1. Do you know which residues across the range 59-100 are among the acidic types (D, E) and either surrounded by fewer than 24 Cβ atoms within 10 Å (Cβ to Cβ) or free of Cβ contacts under 8 Å to residues at least 40 places away in the same chain (or both)?
2. Limited to the range 51-74, what total is found for residues that are touching a strand residue (DSSP E or B) at 6+ places or on another chain (Cβ under 8 Å) and within 13 Å of the ligand (Cβ to nearest atom)?
3. Say we look at the range 1-18 and pick out the residues that are in a loop (DSSP other than H, G, I, E, B) and among the aromatic types (F, W, Y); which of these is nearest to the ligand (Cβ to nearest atom)?
4. Restricting to the range 22-36, name every residue that is within 16 Å of the ligand (Cβ to nearest atom) and part of a loop (DSSP other than H, G, I, E, B).
5. Within the range 130-181, which residues are closer than 13 Å to I29 by Cβ, assigned to a helix (DSSP H, G or I) and within 16 Å of the ligand (Cβ to nearest atom)?
Amino acid sequence: MAQSAEYPDLKWVPPKSWTNANRTSVQLIVIHDTEGSEGLTSAEDGAAYDQRRTDGTSAHYYHDQDSTVQCVLTADQAHTARGQGNRRGIHHELCGKANQGVAGWADVASWGTLAQAARQCARDAKKWDIPVKRLTPTQVAAGAKGFCGHDDISKAFRESTHTDPGPTFPWTAFLDMVRDELEGIMPITPADVKAIAAAVQNVEVGRSGQTLGQMIQVNTTALQALLVLAKMEAAEIPPSVQQVVDGIEAAFGTGSPEETAAALKAVLGDKAEQVGRLLAGQA
Ligand SMILES: [Zn+2]
């Protein structure tokens, strides 16, 4: 897969339809959801679909839990929010569904997706001098710079009836993630993650006596979750590997991947934002 000329660490999949606009300023960073799957290849699949579809639709970015794909340069226009929205915005498609509710947005897959999107929104906010605040539809229509949803574009200009990313999208947490990105709060390195993963490979978890290594092999999301928790534990207490292992064992003394995910959420509590952010560093 080709790499983006604008952000060389991103995959680049240009769509069939977009507008070569050479914008010199951008008003809005706009959040959408795809109303599709939230799997490990959902961003790649969404971008690939925009290469085939013939209805003239595209977005600047697709994000899923472990990747971001860029499709249109931010100076150009993507085709996803009609005339006003397309002219004014940089458009981010988050893989997932608007109606998944507060808990759905907080699950491991969606927090990973939010973290991927936050990372890229922060980079564009910096590049285009866009403040990290959510605008009202009135402000959007008046030309204020900031963040909004496709729903706010619909209310501001009445050119469409789209309501994504929906009423339970975690705006406060998401914008906090973007701010943290801008402040450089990203303490994990890939080397840290590898070291901790190696240390916990043979820890037994679950009623079945399954090891973390086995669980990781069958569930990539569980791997990400475990590594994130391990790193969080390491960051908050003296980074003793044994303490990390103890923390993970205490958190995942159940069994199935579903139970693991539930236990993770229970353990994380109000740290869920941090986890989502950290997940972005795990790809
Ligand atoms: Zn939309």
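The values are calculated or read from the model by the stated rules, or taken from the named source; none is laboratory data. All of these numbers come straight from a predicted model, not from anything done at the bench. Heads up, the Cβs are rebuilt from the backbone with ideal geometry, glycines too, and the neighbour counts pull from every protein chain shown.
1. D66, D76
2. Residues that pass the stated criteria total 4.
3. Checking each candidate, the answer is W18.
4. Matches in the range 22-36: T34, E35, G36.
5. Hits for the range 130-181 are V140, H150, D152, I153, W171, F174.
Results for (1) touching a Gly at 6+ places or on another chain (Cβ under 8 Å); (2) at pLDDT 95 or above; (3) basic (K, R); (4) under 25 Å from T168 (Cα atoms), shown as yes or no for each residue.
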position	(1), (2), (3), (4)
A5	no, yes, no, no
V13	no, yes, no, no
N20	no, yes, no, no
S25	no, yes, no, no
S42	yes, yes, no, yes
H60	no, yes, no, yes
S67	no, no, no, yes
Q70	no, yes, no, no
Q77	no, yes, no, no
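One line per residue, one yes/no per condition, for (1) closer than 18 Å to K127 by Cβ; (2) more than 16 Å from the chain's Cα centre (by Cα); (3) within 14 Å of the ligand (Cβ to nearest atom):
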| residue | (1), (2), (3) |
| --- | --- |
| N20 | no, yes, no |
| Y49 | no, yes, no |
| D76 | yes, yes, no |
| V102 | no, no, no |
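So that you can scan it fast, the table gives a plain yes or no per residue for (1) without any contact (Cβ under 8 Å) to a residue 60 or more places away in the chain; (2) of a type in the set (V, I, T):
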residue: Q120; (1), (2): no, no
residue: K126; (1), (2): yes, no
residue: R134; (1), (2): yes, no
residue: T138; (1), (2): yes, yes
